[in-house]
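Peer 1: Questions regarding the structure given below will be posed in turn.
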Amino acid sequence: MQARDHVTPLVLTLDEEENLARTLEALGWARRVVVLDSGSTDGTERIARGFSNVAWFIRPFDDFKSQTLHGVRATGIETDYVLALDADMEVPAAFVSELESRFLGHGHAGARVAFDYAFDGRRLLGSVYPSQVRLFRPDALRLELRGHGHHFEVEGSVLDLEARLVHDDRKSLERWLSAQLGYSRHELARLDRGGASRLRDLLRRAGVMPLAAFAASYVRAGGPLAGRAALRYAYERATYEALLALRLLRARDRS
């Protein structure tokens, strides 16, 4: 079975001109790619419309869950499966090959995917980026908002794929920092709601998560073997956690 006949990639975008071309170039195998934009003001639309297999849609952003569900249900997707991607995720040929050899035609409701984390094309030896369900039957999809992100779940059989997607975000430092500020705000709201406390959340409330994140990320990325890329990854993860820690401290000071 060919992936092009059974899988439609869905890409969510907002000012992604630094990333989108690479993502879409790796989706040349797809008969149709849905790009759902949140109102980009850079060259995102021009890049997307330069690919003949792209269907372009615009919807004002409210949250990831609503945006994703709109992309799945209201953009004319008719294939058996949807592959949900961020604009900084690339699909290697080995991934498509595994879809066709191990996934399609076997009755699965979805697939769980791991990621290779990269900086400017250089892949790290590892990362703290978790495996996620990213391939699913539209009618089996269940989405849950968790802090700044969204969690995909499906009802039915889920296959763990061996081939990995590549996460390689090349946005400017200024845009990256702006995004982290927004993510940390949403994560603070999740922490304020309470609920089950994971070790990570306990470390956050104790104020030591930035240090723990730096150490864990540096080791997972390959440490000295990965050179500056491992340091950059560790500093990025620690920076996000530091922003969240500052929000937690300021919230306590006001209470």
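Readers should treat all values here as calculations from the given coordinates under stated rules, not as data from a laboratory. Because the structure is a prediction, the values reported are computed rather than measured. As a convention, Cβ positions derive from the backbone with ideal geometry for all residues, glycine included, and neighbour counts pool all protein chains shown.
Peer 1: Under the 0.36 nm per residue contour assumption, what length would be gained going from the current alpha-carbon distance of ARG185 and TYR235 to full extension? Intermediate results must be reported in sequence, preceding the final value.
Peer 2: On the way: separation 50, 0.36 × 50 = 18.00 nm, distance 1.91 nm.
Fully extending the segment from ARG185 to TYR235 adds 16.1 nm.
Peer 1: Quote to one decimal, in nm, the extra length available between GLN2 and LEU211 on full extension: 0.36 nm per residue of separation minus the C-alpha distance between them.
Peer 2: 70.6 nm
Peer 1: Okay, moving on. What per residue convex hull volume, in Å³, comes out for the chain when only alpha-carbon positions are used?
Peer 2: 132
Peer 1: Under the rule a/c < 1.5 gives rounded, and otherwise a/b versus b/c splits prolate from oblate, where does the stretch 1-47 land using the Cα gyration tensor?
Peer 2: The shape class here is prolate.
Peer 1: Next question, about the same structure. Take the alpha carbon gyration tensor of the stretch 53-159, find the square roots of its eigenvalues, order them as a ≥ b ≥ c, and report rounded if a/c is under 1.5; if not, report prolate when a/b exceeds b/c, else oblate. Each step should come with its number before you reach the end.
Peer 2: On the way: a/c = 1.41, a/b = 1.11, b/c = 1.27.
Cα axes put the stretch 53-159 in the rounded bin.
Peer 1: State which helices in the chain qualify, where a helix is a whole DSSP H run, it must extend 24 Å or more along its own axis by its Cα atoms, and its mean Kyte-Doolittle hydropathy must be at least -1.0.
Peer 2: 173-193, 228-254
Peer 1: Okay, next question. Which residues among the stretch 33-65 fall inside the zone where the amide N is under 17 Å from a point 7 Å beyond the Cα of GLU144, along Cα→Cβ?
Peer 2: From the stretch 33-65, the list is 64-65.
Peer 1: Next question, about the same structure. Report the FRET efficiency, 1/(1 + (r/R0)^6), for TRP56 and SER97, where r is their Cβ-Cβ distance and R0 is 35 Å, rounded to 0.05.
Peer 2: 0.80
Peer 1: List the GluC sites (Glu not before Pro) in the stretch 150-255 that DSSP assigns to loop (not H, G, I, E or B) and whose Cβ has at most 13 other Cβ atoms within 10 Å. Which are they?
Peer 2: Here the GluC sites (Glu not before Pro) that fit, given the DSSP loop and packing criteria, are GLU155, GLU162.
Peer 1: Could you calculate the contour length gain from ASP192 to HIS151, that is, 0.36 nm times the residue separation minus the distance between their Cα atoms, to one decimal place in nm?
Peer 2: Here the segment from ASP192 to HIS151 would lengthen by 12.9 nm.
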